[in-house]
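Report on the following structure.
The values are calculated or read from the model by the stated rules, or taken from the named source; none is laboratory data. Note that this is a predicted model, so its numbers are computed, not measured. Here the Cβ positions follow ideal geometry from the backbone for every residue, glycine too, while neighbour counts run over all protein chains shown.
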Amino acid sequence: EADIYQTPRYLVIGTGKKITLECSQTMGHDKMYWYQQDPGMELHLIHYSYGVNSTEKGDLSSESTVSRIRTEHFPLTLESARPSHTSQYLCASSEVVRSTDTQYFGPGTRLTVL
Amino acid sequence: KNQVEQSPQSLIILEGKNCTLQCNYTVSPFSNLRWYKQDTGRGPVSLTIMTFSENTKSNGRYTATLDADTKQSSLHITASQLSDSASYICVVIDRGSTLGRLYFGRGTQLTVWP
C-alpha cells in the first residue's frame, strides 16, 4: 500500500471559487506529479516537480498552479473554478533514480464544478 | 494519435475464466512498459514493469508479455476473481531523458461476473 494521500476525495463547488487539492506522501520521494483523468480516457500529466522549489508544466495545458515548499507536500490550486475543470485529479510520486522506478498514485480527487 | 493503444476497450468474463488484454505502442526510444490496475474511484496500482530484455513477467495470477520487436504487450489474467474487476492501463516509458516520459493507454475495463 502506497503512502500517498489526497484530500478531499470528492469536491462539488460552484463556478468562480478558489480551490486547493492536497497531496502528501511519506515515502521521501523527490519527484511528484499531478495527472488529470476523464472517464474512459488516458491520464494526462498537468504538473510535475523534481524536488523542493521545482515545478514544471506537463503535457496538458492547465489553468491550475502547483507549489513544492516541502518534499512531502504538492498542492494544486485553481484560482477560479469553471465547469471545464470537472475531472478526476490524481497525484503520484516516485524516486528520482531511474526510469524503471514505480510511480505510486494517490486515490484521486473527483472534482465537480457546477 | 495516442502512442499507446489498448484493446479491447471493455471486456466481461465469468468468474474463474482466463482473459488476455492487449497493448500496442509506437513510443520510441523504448525504456520500459508497465501494467497498472485501477479500481473505480482509486489511483492506479503497479502490477508489472518490463524492460526491453524481458519477455515475460508474472505477479501472482497476472502474467505480462512483451515483444519489443513488434511493440506489443499482453496481460494475461488466470482464474479471474470478482476483485479483478477494474481498468487495466498500459503505460510505456521512453528513454529520451534520464527520468523518462510516460505514455498512458486509455485502459481496458474488465468486469468479472459471478
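Please specify each residue of segment B:56-94 satisfying the condition of being among the basic types (Lys, Arg) and part of a strand (DSSP E or B). Break it down into steps so the answer makes sense when it comes.
As a first pass, look at segment B:56-94 and keep what is among the basic types (Lys, Arg): B:57, B:61, B:71.
Once the filter is applied, which keeps residues that are among the basic types (Lys, Arg) and part of a strand (DSSP E or B), segment B:56-94 yields only B:Lys57.
Given the options B:Ser46, B:Ser53, B:Ser97, name the one that is modelled with pLDDT under 95, in a loop (DSSP other than H, G, I, E, B) and at the interface with chain A (Cβ under 9 Å from one of its Cβ atoms).
Details: B:Ser46 fails: in a loop (DSSP other than H, G, I, E, B); B:Ser53 fails: at the interface with chain A (Cβ under 9 Å from one of its Cβ atoms).
Only one candidate qualifies: B:Ser97.
I'm trying to understand the selection: among the residues of segment A:1-34, which are surrounded by 13 or more Cβ atoms within 10 Å (Cβ to Cβ), farther than 19 Å from A:Val52 by Cα and more than 14 Å from chain B (Cβ to nearest Cβ)?
A:Ile13, A:Lys17, A:Ile19
If you take the residues of segment B:1-18 that are assigned to a strand (DSSP E or B) and surrounded by fewer than 19 Cβ atoms within 10 Å (Cβ to Cβ), which of them is farthest from the other protein chains (Cβ to nearest Cβ)?
Filtering segment B:1-18 for residues that are assigned to a strand (DSSP E or B) and surrounded by fewer than 19 Cβ atoms within 10 Å (Cβ to Cβ), the one farthest from the other protein chains (Cβ to nearest Cβ) comes out as B:Leu14.
Is it the case, given these coordinates, that A:Ser93 is surrounded by 13 or more Cβ atoms within 10 Å (Cβ to Cβ), modelled with pLDDT under 95, out of contact with any helix residue (DSSP H, G or I) (no Cβ under 9 Å at 6 or more places or on another chain) and not aliphatic (A, V, I, L, M)?
Against the criterion (surrounded by 13 or more Cβ atoms within 10 Å (Cβ to Cβ), modelled with pLDDT under 95, out of contact with any helix residue (DSSP H, G or I) (no Cβ under 9 Å at 6 or more places or on another chain) and not aliphatic (A, V, I, L, M)), A:Ser93 qualifies.
Among (1) at negative phi; (2) at the interface with chain B (Cβ under 8 Å from one of its Cβ atoms); (3) buried (at least 17 other Cβ atoms within 10 Å of the Cβ), which single condition is A:Met41 missing?
(3)
Answer with yes or no whether B:Val45 is of a type in the set (A, V, I, L, M), over 27 Å from B:Glu15 (Cα atoms) and surrounded by 13 or more Cβ atoms within 10 Å (Cβ to Cβ).
So B:Val45 fails the test.
Looking only at segment A:99-109, filter to residues that are without any contact (Cβ under 8 Å) to a residue 60 or more places away in the chain and within 8 Å of chain B (Cβ to nearest Cβ); which one of those is surrounded by the fewest Cβ atoms within 10 Å (Cβ to Cβ)?
Of everything passing the filter in segment A:99-109, A:Thr100 is surrounded by the fewest Cβ atoms within 10 Å (Cβ to Cβ).
Here is a yes/no grid of residues against (1) among the aromatic types (Phe, Trp, Tyr); (2) in contact (Cβ under 8 Å) with a residue 40 or more places away in the chain; (3) part of a strand (DSSP E or B); (4) more than 14 Å from chain B (Cβ to nearest Cβ):
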{"site": "A:Glu63", "(1), (2), (3), (4)": "no, no, no, yes"}
{"site": "A:Arg68", "(1), (2), (3), (4)": "no, no, no, yes"}
{"site": "A:Ala81", "(1), (2), (3), (4)": "no, yes, no, yes"}
{"site": "A:Ser84", "(1), (2), (3), (4)": "no, no, no, yes"}
{"site": "A:Ser93", "(1), (2), (3), (4)": "no, yes, yes, no"}
{"site": "A:Leu111", "(1), (2), (3), (4)": "no, yes, yes, no"}
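Of the residues that make up segment B:43-55, is at least one in contact with a Cys (Cβ under 9 Å, 6 or more places away or on another chain) and closer than 16 Å to A:Glu42 by Cβ?
The initial filter retains those residues of segment B:43-55 that are in contact with a Cys (Cβ under 9 Å, 6 or more places away or on another chain), namely B:43.
Restricting the remaining residues to those that are closer than 16 Å to A:Glu42 by Cβ gives B:43.
Yes, segment B:43-55 contains a residue that is in contact with a Cys (Cβ under 9 Å, 6 or more places away or on another chain) and closer than 16 Å to A:Glu42 by Cβ.
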